[in-house]
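Below is one structure, written out as structure tokens, with a few remarks after it.
The values are calculated or read from the model by the stated rules, or taken from the named source; none is laboratory data. If you're wondering where the values come from, they're calculated on a predicted model, not measured in any experiment. Ideal geometry is used to build each Cβ from the backbone, glycine not excepted, and the neighbour counts take in all protein chains shown. To get the accessible areas, we keep the full protein, side chains included, count just its heavy atoms, and leave off ligands, DNA and RNA. Shrake-Rupley method; radii C 1.70, N 1.55, O 1.52, S 1.80 Å.
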Amino acid sequence: MNKLEVKKVPFMGTELMAARDTDGQIWAGVRWMCDGIGFSEGQRKRQIANIQDDTVLSKGGSNLILPTKGGSQRTLCLKLDYVPLWLAKIAITPKMERETPELAAKLEQYQLRAKDVLAAAFLPQAVQSPTPSPAPVKQRELTTDDYIAASRIVSDCRNERLHYVLGFL
């Protein structure tokens, strides 16, 4: 995995770091996801340890060299397919909802949408041609018969329904 296509992906007011290797595998930077959710440094370190200790998640993790504020560094990344599993294992507890509702709401959005947003960043963007608007439907012109039919309806109506019928004319 020497050659990586690295992208910063905007998501919910932050930037996630993602990379695609030469095999086409997309990787998500765990640190950026934790920071985007709003985890503290201790919570971020706990999540990194959880990924490394988890039997399944550890199979989807790898230390890749990504650009950081301090230069290029080895950073834990997860294969894109493992991201929803990792996020689903982070419980949104009643205590979290009560004490840090913003964090709980962000975590829920990450659980639901982060994988799709990261994948879309590496998909080829199809050129969207504008969809032609449908031709306007030409209304037929009113004939004398239409006016006669309308006057018959009006004359047959009781006064309390007259305004209702006139609304259709």
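Do the alpha carbons of any pairs in K59/K106; K59/K89; K69/K106; K79/K115; K7/K115 sit beyond 19 Å of each other, and which pairs?
K59/K106; K69/K106
For segment 1-120, take N as its residue count and report Rg(C-alpha) divided by 2.2 N^0.38 Å.
That ratio works out to 1.02.
Could you give me D for segment 4-74, from Stokes-Einstein at 37 °C and 0.692 mPa s, where the hydrodynamic radius is the Kirkwood radius over C-alpha pairs? Units µm² s⁻¹, please.
254
Could you check how much of the accessible area of segment 23-87 is carbon and sulfur, as a whole percent, using a 1.4 Å probe?
44
Between beta-carbons, use under 11 Å as the cut-off and find the net charge around D81, counting Lys and Arg +1, Asp and Glu -1.
+3
Considering all alpha-carbon pairs of segment 39-92, what whole percent are spaced by more than 15 angstrom?
52
Among the trypsin sites (Lys or Arg not before Pro) in segment 52-130, which ones are in a DSSP loop with at most 11 other Cβ atoms within 10 Å of the Cβ? Mind listing them?
Of the trypsin sites (Lys or Arg not before Pro), the ones in loops of segment 52-130 whose Cβ has at most 11 other Cβ atoms within 10 Å are K69.
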